[in-house]
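Below is one structure, written out as C-alpha cells; comments come after it.
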Number of protein chains: 8
Amino acid sequence: MSFKIYLSGEIHSDWREKIAQGIKDKGLDIDIKSPVTDHQASDDCGEVILGAETEAFWKDHKAAKINAIRIRKYIMDADVVIVRFGNQYKQWNAAFDAGYAAALGKPVITLHDEELTHALKEVNAAALATCSSPEQVVDILAYTLN
Amino acid sequence: MSFKIYLSGEIHSDWREKIAQGIKDKGLDIDIKSPVTDHQASDDCGEVILGAETEAFWKDHKAAKINAIRIRKYIMDADVVIVRFGNQYKQWNAAFDAGYAAALGKPVITLHDEELTHALKEVNAAALATCSSPEQVVDILAYTLN
Amino acid sequence: MSFKIYLSGEIHSDWREKIAQGIKDKGLDIDIKSPVTDHQASDDCGEVILGAETEAFWKDHKAAKINAIRIRKYIMDADVVIVRFGNQYKQWNAAFDAGYAAALGKPVITLHDEELTHALKEVNAAALATCSSPEQVVDILAYTLN
Amino acid sequence: MSFKIYLSGEIHSDWREKIAQGIKDKGLDIDIKSPVTDHQASDDCGEVILGAETEAFWKDHKAAKINAIRIRKYIMDADVVIVRFGNQYKQWNAAFDAGYAAALGKPVITLHDEELTHALKEVNAAALATCSSPEQVVDILAYTLN
Amino acid sequence: MSFKIYLSGEIHSDWREKIAQGIKDKGLDIDIKSPVTDHQASDDCGEVILGAETEAFWKDHKAAKINAIRIRKYIMDADVVIVRFGNQYKQWNAAFDAGYAAALGKPVITLHDEELTHALKEVNAAALATCSSPEQVVDILAYTLN
Amino acid sequence: MSFKIYLSGEIHSDWREKIAQGIKDKGLDIDIKSPVTDHQASDDCGEVILGAETEAFWKDHKAAKINAIRIRKYIMDADVVIVRFGNQYKQWNAAFDAGYAAALGKPVITLHDEELTHALKEVNAAALATCSSPEQVVDILAYTLN
Amino acid sequence: MSFKIYLSGEIHSDWREKIAQGIKDKGLDIDIKSPVTDHQASDDCGEVILGAETEAFWKDHKAAKINAIRIRKYIMDADVVIVRFGNQYKQWNAAFDAGYAAALGKPVITLHDEELTHALKEVNAAALATCSSPEQVVDILAYTLN
Amino acid sequence: MSFKIYLSGEIHSDWREKIAQGIKDKGLDIDIKSPVTDHQASDDCGEVILGAETEAFWKDHKAAKINAIRIRKYIMDADVVIVRFGNQYKQWNAAFDAGYAAALGKPVITLHDEELTHALKEVNAAALATCSSPEQVVDILAYTLN
C-alpha cells in the first residue's frame, strides 16, 4: 500500500526534482506522478497526434483535453495533491487542479513564496498545509508516513 | 423550478451587472448568486468578525474560509457556474472555483478575452462554453431555458 | 412534489406531443422537459451564439456542448427519463442519454417499434419498461402516480 | 499501477487488434478489456446458459443482461473508455456505453470516420479526444503514459 | 420543509391506515407514500399496460419493474423508510426495500411482531428503531418532529 | 431558497436562543434546526416509546438511535452545521456530529471558549470558522447571506 | 485483477460448494466470499464475544451487527453478488443483501427454484440474471471471464 | 486482499499494542494503521515543519491539519475503524473520527469501559460493536476473517 502523490503546477523550476530527491533520500515509499512537463510537447500534443488546426483556440482545446486524461487519472489516484505556484505566470491550471482535488476530498498541499499569500488565500483555505520550500513538503510526507 | 447560476471571478468590471440586466431584459427565470464582491469586506471579514491577527497569512486564512461558506453553498446549488477572468490579476480563486465546479459535475461557462485563450486552455477544456462577452452568456442561458 | 420526466430522442415525429396530451388528459401532475427540438436551432446554436467556425467538427462541438447544459440539467432533475428511438436515423444521442441516465440510477423507459428490439437490447436491458406507444408511456406514468 | 482501458463498440473490423498491437509495439503497461466480441455467443448467451425463450424480446433481454455484468465491471474499472463507431449498423450499445462512462466521470475517447462527425456530435462533446485511426488512440495512450 | 416517509411491506392489514390516522390526529406535517397496495393491480400492471406474456416469469418481471419506478422514487425521496413485516408470507420485497434504503443511508424503522425478531435480526441490525405497533411508529415520528 | 442551519452540541446554556434572536434581529431568512434539547426526553425516548429495558446500555442505545433519525436528517439538510462545546461535560455527540458533517462536506462552524482551543484542534481543523460567541456566529451568517 | 463474488443466502444446502467446485473445475480466477455459514456460530457470536444478554432481541442484535461487519465488507468488494433463496425459511437477510447490493449498483444474480418466481419478482427485477442451478451461475461467471 | 483497520483515540494506554499482539497471536492477515501516537510530535508537527507561531490557536491549527492528512487517508482506506475512549481526557478527536467514519459508511467498533456508556451513547448508536477490552476487538476481527 504505497502512498501516491501528484505534483501539479509550475514547470519552470526544479521543485519536482527536489521533492523526488528528498523522498529518495528519506527512503519513503511514495509513488510520484506529474503532468507532462515538457512545455512544447504539452502544448502541441493535440496537433501532433490528432492533426493541425487553423484556430489557436481549438489547437489548445485538443491539447488540453488530451492532457486532462492523464491529469484526472493521477489526481483521482492520489493520496495527496501538491500544487506549486511560481511567482511568474498565471498558472490557472494549477489553481484549477487544486479546486478539482479539493472537491474530490483529496488532501491538498500548496507550495509557494510568501509574496503570493494574499493572491492564493482561497486556495490555501482549502489546503491542509502551505509550504514555502520543497523540503517542507518532504518533511510533511515523511511525518505522515513515519 | 427556476434555474440557478453562480457568477465567479473578476470583481473589477461590470460583467455581473450586464448578465443580470440581460437576464432581466429577456425575462428569464434565473436565480443569480455571486461571492461578496466588496473587495474590502471580503478581505477583512475574518478580522472584522472574529478578531485581529498579527500574521497576514492567518488574516487571509480566516477571511477566505468564511467566504468559502458562501461560495461552496452557491456552487453546490448552481445549475451552471459562470467563471469570468479579467485580463489583469491572477484570479486564482476563479480557476479554483472552476476546478471545484467541474469535479462536482457542474456545467461551467467561461468568460474572457481572446488574449487569455492559451493561458486558460485547461479551464476551457473542462467548460461547456467559452464566451467573450456577457451577452453571449445571456444568449446561452436564454437558449437553454427557451 | 410534482413528478419530473425528461423526453430524450427522436425529433421527427409527434411522440412528445402525444405524451404531453395524455398527461394532460389524465390530469397528472408531471413536469415535462425536452431538449431543444428545433433541429436547425440545435445544430446552429454554437455558431449563432459564439461565432462561426471553419471546421464542421468544431461547429458541431460548440453546439453539442451548449445543448449539453440543458440536457444534463434535465436528466439530473428527472424522476424518469423516457428515450424514444425512431426507425430511421442513428440517434446516438438518445442512446448516450440512456446510458448517462442509467449510470446515474435514473429509471429509464424506452419507446420504440418492435423491429428495433434486437438493436436496442443493451439499452432495454437497463430500462425499467419498454413501450411501443406513447399511450403505454402515459399509462405507466399514471399507474406510478395513481 | 498499470493503466486499464475498455474497448467498446464495433465488432466487425480489427480495430481492437490494431490497438492491442500498437500497445504491445510501444511496450505500454496497459490492461485491455473488451466485451464478448463473438457475435453469436453474445446474442445467444441468455438462451444457452439459462434456457430457451419463445419471445425474441426476452431472448435478447436475458443475453443483454448477462453481457451487462461484464461490461459494467470493465467500464467501472477502466481509466479510459474507448468507443468505436463503424460506418454501418446502429451500434446503440456503443453510444450507451459512452453515456454510461461519461456519467461516471470516466475519460472517453471516440474512434470513427469523419463522415460520422455530425451524427456523433453529442458523444464527442463528452469525449476528451476524437480519433480517426487506432494509431491515434495508441499515440494518446503512449503520450498519457510516457 | 415537510417530512417524507415511505411505507414498505405488508399489504394485508391496516397498518398504513393506522399510521396515517395517527399522523393526522397529532397534526404532523408528514408526506406519506406507499407502493401500489392493490394486490391485483400490482401483479398485473405489466400485462395490462404492456401486453400479455406466455411465461409467468416475464409477466412478473414486467410488473415488478414498473412497480420499481414508483418504489425507488419514493425511497429516494424519503426521510424515513418504514418497513412492515406481517407474520405470514415471505415479503421478500419488504426486506429488499430495507436493504436498498439502508445502503442509501436512509433511516429505517421496522414494524413487526415479537415472534419475527430472530428471523429479522439482520434487518433490525440496520434499522434505527424496531416497533411492534403502528402507534409506536407514530410516536417516533411525533418525537422526531416535535 | 432559505438558508438552513443545524445547531449541534451543548444543551446547558442559552447559545441557541442567542443565535435565534440574533438571526431574528437581523432579519435573516434562516431555517434553524436543533436536536431535542429536553435532556430527560432525549435520554428516555427509547423506553418511553418502545418499552423499558433492564440494561442501561440498551436503554441508551434505543434512545440514541431514535434521536439519530432527527439529527441525521437535519445535518443532511443543513447548509451550515454549527457545533457548540461548553466547558463542562464530554459532549462526544457534538464532536461526532462535527465529524459526520465534515465527512459529508458540510461547512462546520465551531463555538467554544478559548480554553478549549487545544482540546478541539482536530475539530477546528475541519471547521470553516471558530467562534467564541453566538454573536460572531450570527455575524458570519449575516455576512454569508448579505 | 481477479474477479470477486459474494455468495449470500441459504445455508442449509450445498450450493456454495457446488459453485466453488464449478469455478475450480473451469479454472476461473475468482475470489469467493461468504457470510459465516456455521448457523450456531453466527447466531451466538454476539454473546460469545461480547457477553450474555437477558433479552432475545439484544442477543440477536449484537450478533447481527457483528456479522454485518463481514457482510458489508464483502458486498462492497464484490464484482457480483449471488443471492440464493431456498424453498424453506424466510431468509430475509438474503433479500436485504440483494437490496443493499442493488442500491450500491452491484450486479446481482439470483438462484432459486421456479416455485419462488412470483414471491421473488421484485428481487429478480433488480437482478441481471436469475438461475435455477449452481451450474448456471458458474456458466455465467465463465462466460463473463472468458 | 488483506483486511485494513484504523485505530483511533486514546494514546495513554497500551490498547493498540494489545490489539496488535492479539492479531499476531491469531495469525490474522490485517494491516493496522494508527495516528501519530507520539503526543509531543503530534502537537508540534506544525511548528517543527512549517515554522513557529505566536498564537496557540494557529500552532494547533497547523499541526491538526498536517495530522489530518494521515488520519483521513487511513480512515478512507480502512475496512473497520476502531475507536478507543479512555476514562480521562475529552478525546474529541476520537469522537470526530467516529462521526467521520460513520458518515463514510465505514463499520465502527468502539472500545471503552462501562462507566462511559451513557456519555458515548450517540457514538455507540452508530457502531456495529461496543467492546470493553482489546481482546473482544481481536475476537471480532478473528470471527470476521475466519
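Here is how the numbers come out for the structure above:
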{"item": "Single residue of E:Lys33, E:Lys90 found to be in contact with a Lys or Arg (Cβ under 8 Å, 6 or more places away or on another chain) and at pLDDT below 95", "result": "E:Lys90"}
{"item": "Residues of the stretch G:29-54 classified as within 26 Å of G:Lys106 (Cβ to Cβ), part of a helix (DSSP H, G or I) and open to solvent by 40 Å² or more (accessible area, probe 1.4 Å), total", "result": "1"}
{"item": "Condition check for D:Ala64: closer than 20 Å to G:Leu128 by Cα, hydrophobic (A, V, I, L, M, F, W, C), touching a Gly at 6+ places or on another chain (Cβ under 8 Å) and more than 7 Å from chain C (Cβ to nearest Cβ)", "result": "no"}
{"item": "Top-ranked residue in the stretch G:1-12 [being more than 14 Å from chain D (Cβ to nearest Cβ) and open to solvent by 50 Å² or more (accessible area, probe 1.4 Å); ranked as nearest to G:Ile71 (Cα to Cα)]", "result": "G:Ile11"}
{"item": "Selection count where residues are more than 15 Å from C:Phe3 (Cα to Cα) and within 9 Å of chain G (Cβ to nearest Cβ), scope the stretch E:69-91", "result": "4"}
{"item": "Top-ranked residue of the stretch D:137-146 - restricted to ones that are touching a Gly at 6+ places or on another chain (Cβ under 9 Å) and under 26 Å from A:Tyr100 (Cβ atoms), ranked as most open to solvent (accessible area, probe 1.4 Å)", "result": "D:Asp139"}
{"item": "Residue list for the stretch D:99-109, restricted to those being within 11 Å of the chain's Cα centre (by Cα) and open to solvent by 10 Å² or more (accessible area, probe 1.4 Å)", "result": "none"}
{"item": "Qualifying residue in the stretch D:18-32 (condition: in contact (Cβ under 8 Å) with a residue 40 or more places away in the chain, under 14 Å from the mean Cα position of the chain (by Cα) and either at the interface with another protein chain (Cβ under 10 Å from one of its Cβ atoms) or under 30 Å from E:Glu55 (Cβ atoms) (or both))", "result": "no"}
{"item": "Residue among G:Phe85, G:Phe57, G:Phe96 that alone is in contact with a His (Cβ under 6 Å, 6 or more places away or on another chain) and at pLDDT 95 or above", "result": "G:Phe85"}
{"item": "Boolean, A:Leu104 is in contact with a strand residue (DSSP E or B) (Cβ under 8 Å, 6 or more places away or on another chain) and not polar (S, T, N, Q)", "result": "no"}
{"item": "In the stretch G:110-132, residue nearest to the other protein chains (Cβ to nearest Cβ) [restricted to those that are open to solvent by 10 Å² or more (accessible area, probe 1.4 Å) and over 23 Å from E:Ile11 (Cβ atoms)]", "result": "G:Leu128"}
{"item": "Sole residue being in contact with a Phe, Trp or Tyr (Cβ under 9 Å, 6 or more places away or on another chain), within 25 Å of G:Leu116 (Cβ to Cβ) and buried (at least 20 other Cβ atoms within 10 Å of the Cβ), chosen from E:Phe57, E:Phe96", "result": "E:Phe96"}
{"item": "B:Leu128 vs. criteria of a type in the set (A, V, I, L, M, F, W, C) and either farther than 20 Å from B:Glu17 by Cβ or out of contact with any helix residue (DSSP H, G or I) (no Cβ under 9 Å at 6 or more places or on another chain) (or both)", "result": "yes"}
{"item": "Residue check for C:Ile11: touching a residue at least 12 places away in the same chain (Cβ under 8 Å) and in contact with a strand residue (DSSP E or B) (Cβ under 8 Å, 6 or more places away or on another chain)", "result": "no"}
{"item": "Residue in the stretch F:50-57 that is in contact (Cβ under 8 Å) with a residue 24 or more places away in the chain, within 12 Å of chain H (Cβ to nearest Cβ) and not acidic (Asp, Glu) present", "result": "no"}
{"item": "Verdict on E:Ala63 being crowded, with 23+ Cβ neighbours inside 10 Å and in contact with a Cys (Cβ under 6 Å, 6 or more places away or on another chain)", "result": "yes"}
{"item": "Neighbours by Cβ (under 8 Å, 6+ apart or cross-chain): first from the stretch C:93-109, at the interface with chain D (Cβ under 7 Å from one of its Cβ atoms) and without any contact (Cβ under 8 Å) to a residue 40 or more places away in the chain; second crowded, with 23+ Cβ neighbours inside 10 Å and part of a strand (DSSP E or B)", "result": "C:Ala95/C:Val83; C:Ala102/C:Val108"}
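The values are calculated or read from the model by the stated rules, or taken from the named source; none is laboratory data. Note that this is a predicted model, so its numbers are computed, not measured. Methodologically, a virtual Cβ is constructed for each residue, glycine included, from the backbone with ideal geometry; neighbour enumeration extends over all protein chains shown. Each accessible area value is taken on the protein alone, full model and side chains, heavy atoms only, with ligands, DNA and RNA left out. Shrake-Rupley method; radii C 1.70, N 1.55, O 1.52, S 1.80 Å.
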